[in-house]
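J.: Attaching a single structure in C-alpha cells format; questions to follow.
The values are calculated or read from the model by the stated rules, or taken from the named source; none is laboratory data. Not measured: the values here are computed from a predicted model. Neighbour counts are summed over all protein chains in view; Cβ atoms, including those assigned to glycine, are modelled from backbone coordinates with ideal geometry. SASA here: full protein model, heavy atoms, side chains in, ligands and nucleic acids out. Shrake-Rupley method; radii C 1.70, N 1.55, O 1.52, S 1.80 Å.
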Amino acid sequence: MDDKALSTHLQTLLRAQGLSAFEAPVRDVIAVAWRRSAPKQTVSRLGSLHALQPGTGRTPRPKILLAAHMDKIGLMVTQVIDGFCRVAEIGGLDPRILPGQPFIILGREPVPAVVILPPAALLPPDRKADAARLQDLWLDTGLPAAEAARLIRIGDPAAFAQQPVVLANERITGPSLDDRAGIAALTVCLEELAARPHRWDMIAAATVQEEETLGGAATSAFAVKPDLAVAVDVTFAAGPGLPEHKTFPIAEGPTIGIGPNAHPAMVRAFEQAAGKAGIKYALEVMPANSGTDAIALQITAEGIPTAVIGIPLRYMHSAVETVALADVRQTGRLLAEMAGALDDKFLPDLKWE
Ligand SMILES: [Zn+2]
C-alpha cells in the first residue's frame with residue numbers, strides 16, 4: 001500500500017459512521033479493507049471484527065491479538081423540542097470545541113444540524129465569559145416540529161459532519177482519527193505480514209465501545225484467548241503551548257508505552273523490533289491505567305501480557321484531530337516487525353521482571 005493508497009484508506013475510514021455502540025457502518029468498511037490480507041473474519045457478540053492471518057508454525061500455534069478501536073465520539077439526542085435537540089456526549093467531548101460545529105444526526109434519515117449556544121450579549125453579565133457547558137448547547141436542525149419528531153428520536157447518535165482534510169506535509173485532519181488511525185496502522189501491518197511468513201497466528205481486531213465501556217476489547221480478548229495482546233491507540237502529539245514532557249513529536253514514529261499496562265518483555269520485543277527495522281519511536285510513561293483498550297485486554301481471564309503502542313495525534317477528541325501519515329505507516333511496520341519476529345521461545349521465556 002503506497003502513501004496515496006494509505007491516505008485514501010484512512011480518509012475512507014474517517015468518513016464512515018460508527019459512534020460507540022453504533023459501529024456497524026465502519027465495521028463493514030474495515031472488513032472489506034482487511035479481506036485482501038486476512039479473509040478469515042468473525043464478528044463478536046458485541047460487534048468487534050476479528051481477522052485472522054495464520055502463522056506458519058506448528059499447531060496449536062500461539063496467537064497475538066492486535067487491537068485498535070473503531071468506535072468514535074459524538075453526541076446523543078436526549079430531547080427533541082421543535083426543531084432543536086438537547087444532547088449528551090458519547091465518549092469524552094470538550095464542550096469548548098462544540099459551538100458552531102456542523103453535526104449530522106443519524107435518525108430515521110440523516111439530518112444536518114449545527115451546535116448553537118446563546119449569544120454572549122443575551123447572557124447575564126456574570127456568565128458572559130463562561131466556557132460553554134453541554135447543558136446550554138443545542139443542535140438546531142431547522143426542521144418544523146412535526147418533521148423533527150418524525151425523523152429524530154431520543155437515543156439517536158449525532159456525529160461531527162466535518163470531512164477529512166489533507167494538510168501540507170502528509171498531515172491528515174478530521175474527526176475520529178482516534179482511533180481510525182490505529183485501524184489504518186493494522187491494515188498496514190496485515191499487508192506487511194501477508195507478504196512474509198510468520199510463525200504465530202496474528203489476529204487483528206477492530207474493537208467496539210472503547211470510548212465508553214472497553215467492552216469490545218474485554219470480550220474480544222475472551223473470545224480469541226490470545227497469548228499476547230497489543231492495544232494500538234492514539235496519544236498526545238506535541239504542539240504549540242503544550243507541555244513537552246507529556247507529548248510526543250509528530251512524524252517521528254509511534255510510542256511504546258511503559259507502565260503497569262505494558263508487559264516488560266513485550267516492551268523489550270517492540271524496542272528490539274524497532275531497532276532492527278530502523279523505526280524511530282519514543283517511550284511513553286504510563287504510570288497508571290493507560291486509558292486504552294490495553295487495560296481490558298490485560299485483565300481478561302488469568303491475564304494476558306499486553307503492550308500499548310501510540311500514534312501521536314494533535315487536538316484529541318475534536319473535529320480536527322491531526323496525524324502524520326508517516327506515523328500511521330511506521331506504527332503498522334512496527335507491529336508487523338514485532339509480531340513477525342515472535343518465535344517458539346518467546347512464551348516459555350516470558351516473565352514479568
Ligand atoms: Zn482512542
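J.: When you go through 86, 150, 108 one by one, which is the residue that is of a type in the set (D, E, K, R), over 26 Å from the mean Cα position of the chain (by Cα) and assigned to a strand (DSSP E or B)?
T.: Going through 86, 150, 108 in turn, just one is of a type in the set (D, E, K, R), over 26 Å from the mean Cα position of the chain (by Cα) and assigned to a strand (DSSP E or B): 86.
J.: A follow-up question, please. Can you tell me which of (1) open to solvent by less than 60 Å² (accessible area, probe 1.4 Å); (2) outside any loop (DSSP other than H, G, I, E, B); (3) within 16 Å of the ligand (Cβ to nearest atom); (4) not basic (Lys, Arg) is the one residue 93 doesn't meet?
T.: It is condition (2) that residue 93 fails.
J.: While we're here: I'd like to check which strands (runs of 3 or more DSSP E) are fully inside the stretch 250-353 and have at least 2 residues that are more than 25 Å from residue 9 (Cα to Cα), out of contact with any Leu (no Cβ under 6 Å at 6 or more places or on another chain) and open to solvent by less than 40 Å² (accessible area, probe 1.4 Å).
T.: 282-285
J.: Among the listed residues 124, 99, which satisfies the condition of being out of contact with any Cys (no Cβ under 9 Å at 6 or more places or on another chain) and either within 18 Å of residue 17 (Cβ to Cβ) or surrounded by fewer than 11 Cβ atoms within 10 Å (Cβ to Cβ) (or both)?
T.: Of the residues listed, the single one that is out of contact with any Cys (no Cβ under 9 Å at 6 or more places or on another chain) and either within 18 Å of residue 17 (Cβ to Cβ) or surrounded by fewer than 11 Cβ atoms within 10 Å (Cβ to Cβ) (or both) is 124.
J.: Looking at the stretch 228-236, is at least one residue more than 16 Å from the ligand (Cβ to nearest atom) and not in a strand (DSSP E or B)?
T.: no
J.: Okay, next question. Which of the residues that make up the stretch 111-129 are touching a helix residue (DSSP H, G or I) at 6+ places or on another chain (Cβ under 9 Å) and either part of a helix (DSSP H, G or I) or among the hydroxyl-bearing types (Ser, Thr, Tyr) (or both)?
T.: Matches in the stretch 111-129: 120, 127.
J.: Hey, could you check the stretch 205-227 for residues that are more than 16 Å from the ligand (Cβ to nearest atom) and open to solvent by less than 60 Å² (accessible area, probe 1.4 Å) and say which is nearest to residue 90 (Cα to Cα)?
T.: Checking each candidate, the answer is 219.
J.: Which of the strands (runs of 3 or more DSSP E) found entirely inside the stretch 1-69 contain at least 1 residues meeting this: surrounded by 22 or more Cβ atoms within 10 Å (Cβ to Cβ) and hydrophobic (A, V, I, L, M, F, W, C)?
T.: 49-53, 63-69
J.: Sticking with this structure for a sec: Of all residues being among the aliphatic types (A, V, I, L, M) and over 19 Å from residue 269 (Cβ atoms) in the stretch 226-248, which is modelled with the lowest pLDDT? Just the residue, please.
T.: 242
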